[in-house]
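One structure is given here, and the rest of the page talks about it.
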Amino acid sequence: MANITLSSEARDIAVHPKDLRKQKKIPSIMYGHGIENISLTLDHEAFRKVFKDAGSNTIIDLEVPGGKKHKVLVQDIQKDPVYDTFQHVDFLAVQMTEKLITEIPFEFTGESNAVKNFGGILVTNMDEVEVRCLPGDLVHSIIIDLSKLENIGDSIHLEDITIPKGLEVQSDMASMIVTVQAATEEKEEEAPAEVAMPEASAQKAPEAAAE
């Protein structure tokens, strides 16, 4: 993947974050080992496009005021739950010679024969995996090929997939990523059959004959 670059501006602390957002700017901060925290502002649309490509596990070349570029990861984001706009972004400056721990998402591709032809239900147990690696070894995602799930009950575990070079998986390799279960048929509960009760006899015992 080509280098992803994002420009930023110095943040005027005197300006309230709400006013920045009205200008379609995002308050931001960059921090990391051995560097001072830097308060920044980002263009909302520019960051949206970058984040769509980079996510939280791809190195971004962040240009700060003065023209210097830092290798960063998106460490944290805050979004408006109603308008789905970015409210704040944290960047973590990384050292390319120091290993870090992060999560790599899975990208599910292909189609399971067990689902397509046998009516199975695809059950996902893991969406991402925690890894330790150098920043330069980070990948955007790890491919999971669902076409390997041929029959009901088939599963894919961490030990079954190819881990990109340089990634040290921090989870148990026996962990299940995805499986196919049989569809459960819900049987309608049948109402118990009504038992015909004998009608009470309407006949009275014959009266004794009059003498």
Practice item. Say whether the condition of being in a helix (DSSP H, G or I) and touching an Asp or Glu at 6+ places or on another chain (Cβ under 9 Å) is met by at least one residue in segment 98-117. Key: yes
Review point. Counting only residues that are surrounded by 12 or more Cβ atoms within 10 Å (Cβ to Cβ) and not aliphatic (A, V, I, L, M), which one in segment 171-186 is nearest to Gly120 (Cα to Cα)?
Key: Gln181
Check your understanding: When you scan segment 8-23, how many residues do you find that are touching a residue at least 40 places away in the same chain (Cβ under 8 Å) and either assigned to a helix (DSSP H, G or I) or within 21 Å of Gly136 (Cα to Cα) (or both)?
Key -> 2
Revision key, fill the gap. Counting only residues that are in a loop (DSSP other than H, G, I, E, B), over 13 Å from Asn3 (Cα atoms) and of a type outside the set (S, T, N, Q), segment 52-88 contains a total of 11
Check your understanding: Out of all the residues in segment 24-51, which are outside any strand (DSSP E or B) and either at pLDDT 95 or above or surrounded by 12 or more Cβ atoms within 10 Å (Cβ to Cβ) (or both)?
Key -> Lys24, His44, Glu45, Ala46, Phe47, Arg48, Lys49, Val50, Phe51
Check your understanding: Residues of segment 154-168 being under 18 Å from Gly136 (Cβ atoms) and surrounded by 16 or more Cβ atoms within 10 Å (Cβ to Cβ), which ones?
Key -> Ile163, Leu167
Study note, to complete from the structure: Restricting attention to segment 133-147, the residues that are assigned to a helix (DSSP H, G or I) and within 22 Å of the chain's Cα centre (by Cα) number exactly 4
Review point. Exactly one of (1) out of contact with any Gly (no Cβ under 6 Å at 6 or more places or on another chain); (2) part of a strand (DSSP E or B) is unmet by Gly153. Its number?
Key: (2)
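The values are calculated or read from the model by the stated rules, or taken from the named source; none is laboratory data. From a predicted model like this one, the values you see are computed outputs, not experimental measurements. Please note: Cβ atoms are built from the backbone with ideal geometry, for glycine as well, and neighbour counts cover all protein chains shown.
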